[in-house]
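Peer 1: Here you go, one structure.
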Amino acid sequence: MPVSSCGVRRLELSVAEPEASVDFLAGVLGWTVIAEPGGSFSGFVGDRLAAHVVAGDQGWRVFFGGDGARELRGNSSVDSGRVLHGPWAPAPRAGEPCWVELMTGSPEDGYWLGELGWESRAEGDDFVVFTSSRHGDPRAVAGRLTTSRAEGWQVYFAVDDIAAVCARVSEWDGRVLLEPTTVPTGVVASIEGPHGGSCVLLEKPAGWGGNWAS
C-alpha cells in the first residue's frame, strides 16, 4: 500500500480563457498573479501558491502529494514533493485552498483508499470523509459526495466575509451559483467565473476542511 497522502501538492484550473479566469479569481479572492511561460498564470496569497491557471477545458485538476508520480481517476494525479495544502500544512489564509471534494455518481472509495493510503468514515448516506494518518492521528484530507449534479473534484477557497466576496463576483463578470448557506463543512457559497472554473467559498475555516478539521 502506498504511503498515505497527507494533502494537496498543487491545484490547476484548465479553462478556455486563462487570463480572464485568473483575473476573476484574483479580483474575488485577492490573489497576486504572475504570468508564466506558455500563457499560463500562477495565483499567490503572499508567498504561497494558491493555484495555476492554464489553457484547456478540463476544469480543476488536483495533484496530491505522495510517493510515485502517477495519474489517478477523476482528473487528478499524484505528484512528489512538498504538500502545500492539507491538514498538516499551514492553516489556510483568505484566498487559499482549504478543502477538496470529489463529486461523483459512482462512489469507488476503495480505489482512493488503495491509491492514496487513506482511511474513510461515513458522514450520512451520501458523504464520506477521507482521512490520512501519515503523521499520527487521522485527519480529514478530502471528501466524497455522491451526486448526479456534477463529476470531478470541487475546490474550496477560504474567505473572511463570504457575503462581501459574493458581492464582488458580479463586478468581475462572474455569477453566484449558490448563495451563502450552512452545511456540515461550514458556511459555503458556490461561484463561477466568466469562462467556467466554478469553485466553493468557505467562510473562516478553522483549518483544512472547515468543520471537518475538528
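Peer 1: Please find, among 101, 119, 108, the residue that is within 19 Å of residue 202 (Cα to Cα) and not hydrophobic (A, V, I, L, M, F, W, C).
Peer 2: Being within 19 Å of residue 202 (Cα to Cα) and not hydrophobic (A, V, I, L, M, F, W, C) holds for just one of 101, 119, 108, which is 101.
Peer 1: Looking at (1) surrounded by fewer than 21 Cβ atoms within 10 Å (Cβ to Cβ); (2) more than 30 Å from residue 167 (Cβ to Cβ), which is the only condition residue 90 fails?
Peer 2: Here residue 90 meets the rest and fails (2).
Peer 1: The conditions are (1) part of a strand (DSSP E or B); (2) within 16 Å of the chain's Cα centre (by Cα), and residue 179 fails exactly one of them. Which is it?
Peer 2: Checking residue 179 against (1) part of a strand (DSSP E or B); (2) within 16 Å of the chain's Cα centre (by Cα), the one that fails is (2).
Peer 1: For residue 74, which of the numbered conditions (1) within 27 Å of residue 47 (Cα to Cα); (2) touching a residue at least 40 places away in the same chain (Cβ under 8 Å); (3) touching a Phe, Trp or Tyr at 6+ places or on another chain (Cβ under 7 Å); (4) of a type outside the set (Phe, Trp, Tyr) fails to hold?
Peer 2: In the conditions (1) within 27 Å of residue 47 (Cα to Cα); (2) touching a residue at least 40 places away in the same chain (Cβ under 8 Å); (3) touching a Phe, Trp or Tyr at 6+ places or on another chain (Cβ under 7 Å); (4) of a type outside the set (Phe, Trp, Tyr), residue 74 misses (1) alone.
Peer 1: Return the pair list, or none, for Cβ contacts closer than 9 Å from residues in region 119-139 that are without any contact (Cβ under 8 Å) to a residue 24 or more places away in the chain to residues that are of a type in the set (Asp, Glu) and assigned to a strand (DSSP E or B), at least 6 apart or on different chains.
Peer 2: Correct list of pairs: 130/119; 131/119; 138/119.
Peer 1: Assess whether residue 183 counts as being touching a helix residue (DSSP H, G or I) at 6+ places or on another chain (Cβ under 8 Å) and either without any contact (Cβ under 8 Å) to a residue 60 or more places away in the chain or buried (at least 18 other Cβ atoms within 10 Å of the Cβ) (or both).
Peer 2: Against the criterion (touching a helix residue (DSSP H, G or I) at 6+ places or on another chain (Cβ under 8 Å) and either without any contact (Cβ under 8 Å) to a residue 60 or more places away in the chain or buried (at least 18 other Cβ atoms within 10 Å of the Cβ) (or both)), residue 183 does not qualify.
Peer 1: When region 21-57 is examined, which residues are found to be surrounded by fewer than 16 Cβ atoms within 10 Å (Cβ to Cβ), of a type in the set (Asp, Glu) and in contact (Cβ under 8 Å) with a residue 12 or more places away in the chain?
Peer 2: Of everything in region 21-57, those that are surrounded by fewer than 16 Cβ atoms within 10 Å (Cβ to Cβ), of a type in the set (Asp, Glu) and in contact (Cβ under 8 Å) with a residue 12 or more places away in the chain turn out to be 36, 57.
Peer 1: Report yes if residue 63 is without any contact (Cβ under 8 Å) to a residue 24 or more places away in the chain, surrounded by 12 or more Cβ atoms within 10 Å (Cβ to Cβ) and within 30 Å of residue 161 (Cβ to Cβ), otherwise no.
Peer 2: Details: without any contact (Cβ under 8 Å) to a residue 24 or more places away in the chain: no; surrounded by 12 or more Cβ atoms within 10 Å (Cβ to Cβ): yes; within 30 Å of residue 161 (Cβ to Cβ): yes.
No: the conditions fail for residue 63.
Taken together, the values in this text are just the output of simple stated rules run on the coordinates, not laboratory data. Model, not experiment: these values are computed from the prediction. We place every Cβ from the backbone using ideal geometry, glycine too, and count neighbours over all the protein chains shown.
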